[in-house]
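*Asks:* Take this structure, written in structure tokens, and hold onto it; I'll ask about it next.
The values are calculated or read from the model by the stated rules, or taken from the named source; none is laboratory data. Please read these numbers as outputs of a predicted model, since none were measured by experiment. Because the Cβ atoms are built from the backbone with ideal geometry, glycine has one as well, and the counts that use them run over all protein chains shown.
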């Protein structure tokens, strides 16, 4: 009897017990009339401001504590591990705080990937990217205002390609790193996965924060780790040195390519979007 019940339960569980949200409209001008839309923009602005403020301060603090010119301890500070924890931990906290308001993107590459997957409209995607970029600039501006001498001396937390690495390597690092992040975002927020694994109490922000942490460990030595165009832009605008601007394109092209690949992989391979589309076409070839 127990075995029969177990088989029956498994059979019922295999049925579709989740609901995919309908695709977001490409252009949704009605959003511009809703307070919830502007509240989401404010949430993205503030979250990205806080993200840049804490993480850039961590980077500058580490460099100042390990500066050999000041006879500091070369093994002092939080180290690369601590910097990675600062980035990953802040993403975990901020996504947790803003997910119910704006979706907790805090990254134009994440927004771009979700737009390609029809999770957000073009209007929302563009406005999110603007809010995120302005928030990043404001966050780094606060760092400079509070610690101007340290900020200028230790590079302003700006991303740039490290010596000894080619442009191709840097671009590849940003593409792969962003793919890991955006792929994790899709997986952690997939309604099918949530229904299937409802017995496993895992917060979606946790794997997203860990993805950011792990990618930073791998790519800090190469590019300082961008995987977030707003983060790279905010630091470059306030620091405003040639080196930061010379490599800036890497931190936009790489993340956007990585996000596009992650969106395609999740929607059309893992979620079988291409197969579903083909099936719909065969059943109704006039579509």
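*Asks:* Can you tell me which residues in the stretch 59-82 are at pLDDT 80 or above and within 28 Å of the chain's Cα centre (by Cα)?
*Replies:* 59, 60, 61, 62, 63, 64, 78, 79, 80, 81, 82, listed by residue number.
*Asks:* Go through 168, 157 for me and flag whichever is buried (at least 20 other Cβ atoms within 10 Å of the Cβ) and either more than 27 Å from residue 20 (Cα to Cα) or over 21 Å from the mean Cα position of the chain (by Cα) (or both).
*Replies:* Going through 168, 157 in turn, just one is buried (at least 20 other Cβ atoms within 10 Å of the Cβ) and either more than 27 Å from residue 20 (Cα to Cα) or over 21 Å from the mean Cα position of the chain (by Cα) (or both): 157.
*Asks:* If you go through the stretch 263-278 one residue at a time, do you hit one that is touching a helix residue (DSSP H, G or I) at 6+ places or on another chain (Cβ under 9 Å), surrounded by 19 or more Cβ atoms within 10 Å (Cβ to Cβ) and at pLDDT 95 or above?
*Replies:* Yes, because at least one residue in the stretch 263-278 is touching a helix residue (DSSP H, G or I) at 6+ places or on another chain (Cβ under 9 Å), surrounded by 19 or more Cβ atoms within 10 Å (Cβ to Cβ) and at pLDDT 95 or above.
*Asks:* I need the full set of residues from the stretch 76-101 which are part of a helix (DSSP H, G or I) and more than 30 Å from residue 66 (Cα to Cα), in order please.
*Replies:* Within the stretch 76-101, 95, 96, 97, 98 qualify.
*Asks:* So which of 189, 219 is within 16 Å of the chain's Cα centre (by Cα) and modelled with pLDDT under 95?
*Replies:* 189
*Asks:* Would you confirm whether or not the stretch 247-256 contains a residue that is in a loop (DSSP other than H, G, I, E, B), touching a residue at least 12 places away in the same chain (Cβ under 8 Å), on the phi > 0 side of the Ramachandran plot and in contact with a helix residue (DSSP H, G or I) (Cβ under 6 Å, 6 or more places away or on another chain)?
*Replies:* First, pick out the residues of the stretch 247-256 that are in a loop (DSSP other than H, G, I, E, B): 247-249.
Right, trim to touching a residue at least 12 places away in the same chain (Cβ under 8 Å) and you get 247-248.
Still in the running and on the phi > 0 side of the Ramachandran plot: none.
No, the conditions are met nowhere in the stretch 247-256.
*Asks:* From the list 145, 136, 117, exactly one residue is in contact (Cβ under 8 Å) with a residue 24 or more places away in the chain and closer than 16 Å to residue 235 by Cα. Which is it?
*Replies:* Just a single option satisfies the conditions, and that option is 136.
*Asks:* A follow-up question, please. Could you please let me know if residue 206 is part of a helix (DSSP H, G or I), in contact with a helix residue (DSSP H, G or I) (Cβ under 7 Å, 6 or more places away or on another chain) and modelled with pLDDT of 95 or more?
*Replies:* So residue 206 does not fit the description; no.
Here is a yes/no grid of residues against (1) assigned to a helix (DSSP H, G or I); (2) crowded, with 20+ Cβ neighbours inside 10 Å; (3) in contact with a strand residue (DSSP E or B) (Cβ under 7 Å, 6 or more places away or on another chain):
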site	(1), (2), (3)
31	yes, no, no
56	yes, yes, no
64	yes, no, no
69	yes, no, no
73	no, no, no
103	no, yes, no
111	yes, yes, no
120	no, yes, no
